[in-house]
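A.B. asks: Below is one structure. I have some questions about it.
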Amino acid sequence: MKEKTAIILISSQALPMAQLLEKELGDCTIFSQKAFDGCTQVASYSEFVAASFAAYDRFLFIGAMGICVRCIAPCVSDKYADPAVVCIDEAGQFVIPLLSGHIGGANALAVELAEKLGATAVVTTATDVRGKFSVDAWAARHGCVISDMGLA
């Protein structure tokens, strides 16, 4: 199943990268506050995210992480329900999973995108950093639901 992805483009310099990711991932829409060819224009990134946080499985922000954090902060509620959020710098050097790393798939998405872009994935979750098994990441990859995270 293809996941519905919102690509949020902060500047025109990253438009070619956004268009490449749109083709690679499928079921993507590129959003921008400025009128760029191939983008859906939004009045405000924060308002767009607030109105559509539950409508997308994944949000890719291409731009400064500070903008990304300010946009998603009011929407964040639960690591079991929040969409994956990944931030990519506009030069395409770093791909950073910011929210829903395991269950939402942001960590795996960051690694995938980094490979496609020739970038570095910056994954900081303890199990990934230590190379340990993560039951929630395994469950998400296999379409399973964990009924009791404490027991898991």
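The values are calculated or read from the model by the stated rules, or taken from the named source; none is laboratory data. Since the structure is predicted, the reported quantities are computational estimates derived from the model, not experimental observations. When we count neighbours, we look across all protein chains shown, and the Cβ atoms used for this are built from the backbone with ideal geometry, even at glycine. Ligands, DNA and RNA are excluded from the accessible area calculation, which covers all protein heavy atoms including side chains. Shrake-Rupley method; radii C 1.70, N 1.55, O 1.52, S 1.80 Å.
A.B. asks: Identify the single condition in (1) open to solvent by 20 Å² or more (accessible area, probe 1.4 Å); (2) at negative phi that G118 does not satisfy, given that it satisfies every other one.
C.D. replies: (2)
A.B. asks: Every residue in the stretch 70-79 that is of a type outside the set (K, R) and touching a residue at least 24 places away in the same chain (Cβ under 8 Å), please.
C.D. replies: C71, I72, P74, C75
A.B. asks: Look at I96 and say whether it is open to solvent by 10 Å² or more (accessible area, probe 1.4 Å), at pLDDT below 95 and within 23 Å of S52 (Cβ to Cβ).
C.D. replies: No: the conditions fail for I96.
A.B. asks: What's the number of the condition V123 fails, among (1) among the hydrophobic types (A, V, I, L, M, F, W, C); (2) within 20 Å of C71 (Cα to Cα); (3) outside any strand (DSSP E or B)?
C.D. replies: For V123, the exception is condition (2).
A.B. asks: Under 21 Å from K79 (Cα atoms), hydrophobic (A, V, I, L, M, F, W, C) and open to solvent by less than 60 Å² (accessible area, probe 1.4 Å): which single residue out of F36, F31, F61 fits that description?
C.D. replies: On inspection, the qualifying residue turns out to be F61.
A.B. asks: While we're on this one: For the stretch 54-90, enumerate the residues that are among the charged types (D, E, K, R) and part of a loop (DSSP other than H, G, I, E, B).
C.D. replies: Answer for the stretch 54-90, where residues must be among the charged types (D, E, K, R) and part of a loop (DSSP other than H, G, I, E, B): D57, D78, K79, D82, D89, E90.
A.B. asks: Taking the stretch 1-24, which residues are over 19 Å from I72 (Cβ atoms) and either in a loop (DSSP other than H, G, I, E, B) or open to solvent by less than 10 Å² (accessible area, probe 1.4 Å) (or both)?
C.D. replies: Listed by number, the residues that qualify are M1, K2.
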